[in-house]
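Down below is the structure, laid out as structure tokens.
The values are calculated or read from the model by the stated rules, or taken from the named source; none is laboratory data. Remember, predicted model here, so these are calculated numbers, not experimental data. Cβ placement follows ideal geometry from the backbone for every residue including glycine, while neighbour counts extend to all protein chains displayed.
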Amino acid sequence: MKLHDLTEIQAILRGQEPIETPFLWMDADVLRENSRLFAREFGAENVYFAVKANNTPDVLAILAEEGLHFDVASSGEFEILKSLGVAPERLVFSAPTKLPKDIALAYQYGIRTFAFDSPMELEKLAELAPGCQVNARMVVSNAGSEWPLEHKFGLTGAEALDLMVYAVSLGLKPYGLAFHVGSQNSRPQTWVEALQHMAEVDAGLVQRGIHLQVIDMGGGFPMAYANHVPDVGEIAAVVRQFQQAHLRPGLRIWVEPGRRMVADAGVMVTTVINRAQRNHQTWLYVDISTYHGLIEAQAGFRFPVLTDRTGGLRPFTLAGPTCDSTDKIMEDVLLPEEMTLGDRLYLLRMGAYTNFDGTV
């Protein structure tokens, strides 16, 4: 995992025209390295980048050049890919709940694989994407994740069996099972346990005459911000071991990395616009807000921070410029004690879920 250093950042930005902050700088070399890492571990044809993590066209163009496929969740996302000339065969619409108009537009574009996790979603697909391939989004344990997702999405095994049979009756084509172990999951065994459940459901479908082609493991691959996390290769190793020993021959494994593909390629550059002392804390206000590119800060994410200024360190509270009291980025950030108006900060590993108008 890449962690840019200050000398490297300064050298790169010296070669650029002056850019008004805030802006997000993305490193094309890191994007390519991450693409090739996932391609080595899972095969490029089985890697579907989750576009919601970063929909910057230049980023998507690099991933497309590397041969990756894409997981889309809205018409806006696949319209960007369409403008880049990405074939619809390289896209899967994995959002289990979709706007009807987005289903129709996706089908018109040529997307033929969609996720679902309810009877109504199947009925929408039968009407608006007739004959399409469907992946049942399953509920699995999110043990080990920092951001669990299992309460909002997913079918039980029994529900999936019944709904796949229902899908056939609607003229749809059961294609796969999909799951997500939760964002920032640092427990590789959680993937194994989820795959065990998928194998059991797959066996039940075979008994009903339904032979699937894929298990989509979704995302959840963790990025190290402050704590150590398992790398992609460690997770891939336990997945391959289970696949070879326990999955039905012919079942492919898909993955949908988002954060782990792009986070460490991004450096957010922002400028101090005020300093104040309140409630026994020294506050630095910067020109980016948690509502404008840093929403995950409100969930407690802590990002590495660098600055050009040198000197003795002291803790600061970083905050955005809005009047909302929740617009607080991080507390107890160690920075040079003389930080002042106009000083720049470089927030690292910011390439995921932080993009906005201002990506360079």
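Could you say whether any residue in region 113-128 is at positive phi, assigned to a loop (DSSP other than H, G, I, E, B) and assigned by TED's automatic domain parsing to the domain that holds residue 218?
No, the conditions are met nowhere in region 113-128.
Keeping to region 9-35, report how many residues are exposed (fewer than 13 other Cβ atoms within 10 Å of the Cβ), more than 14 Å from residue 351 (Cα to Cα) and out of contact with any strand residue (DSSP E or B) (no Cβ under 8 Å at 6 or more places or on another chain).
Residues that pass the stated criteria total 7.
Is there any pair linking a residue in region 202-219 that is closer than 21 Å to residue 188 by Cβ to one that is in a helix (DSSP H, G or I), with Cβ under 6 Å and at least six apart or on different chains, and which?
Here the result reads 215/198, each pair linking region 202-219 to a residue that is in a helix (DSSP H, G or I).
Specify the residue that is nearest to residue 104 (Cα to Cα); the eligible residues are those in region 63-85 that are under 16 Å from the mean Cα position of the chain (by Cα) and not small (Gly, Ala, Ser).
So the residue we want is 78.
Consider only pairs whose beta carbons are under 8 Å apart and that are at least six residues apart or on different chains; among these, list those whose first residue lies in region 71-85 and is closer than 19 Å to residue 259 by Cα and whose second residue is hydroxyl-bearing (Ser, Thr, Tyr) and in a helix (DSSP H, G or I).
The qualifying pairs are 78/109.
Looking at 293, 320, 300, which is the one that is without any contact (Cβ under 8 Å) to a residue 12 or more places away in the chain and over 20 Å from residue 10 (Cα atoms)?
Result of the check over 293, 320, 300: 300.
Check 175, 166 and return the single one that is hydroxyl-bearing (Ser, Thr, Tyr) and either over 15 Å from residue 117 (Cα atoms) or part of a helix (DSSP H, G or I) (or both).
Criteria check complete, one pass: 166.
Can you tell me which condition residue 301 does not meet? The list is (1) touching a strand residue (DSSP E or B) at 6+ places or on another chain (Cβ under 8 Å); (2) outside the structural domain of residue 157 (by TED's automatic domain parsing); (3) crowded, with 20+ Cβ neighbours inside 10 Å, and all the others hold.
Residue 301 satisfies all of (1) touching a strand residue (DSSP E or B) at 6+ places or on another chain (Cβ under 8 Å); (2) outside the structural domain of residue 157 (by TED's automatic domain parsing); (3) crowded, with 20+ Cβ neighbours inside 10 Å except (1).
Can you work out which of the residues in region 309-342 that are closer than 15 Å to residue 270 by Cβ and over 30 Å from the mean Cα position of the chain (by Cα) is surrounded by the fewest Cβ atoms within 10 Å (Cβ to Cβ)?
Of everything passing the filter in region 309-342, 342 is surrounded by the fewest Cβ atoms within 10 Å (Cβ to Cβ).
Which of the following residues is farther than 24 Å from residue 115 by Cβ and in contact with a Leu (Cβ under 9 Å, 6 or more places away or on another chain): 265, 245?
Only one candidate qualifies: 265.
Which members of region 67-104 meet the condition of being part of a helix (DSSP H, G or I) and either charged (D, E, K, R) or closer than 15 Å to residue 137 by Cα (or both)?
77, 79, 82, 89, 90, 101, 102, listed by residue number.
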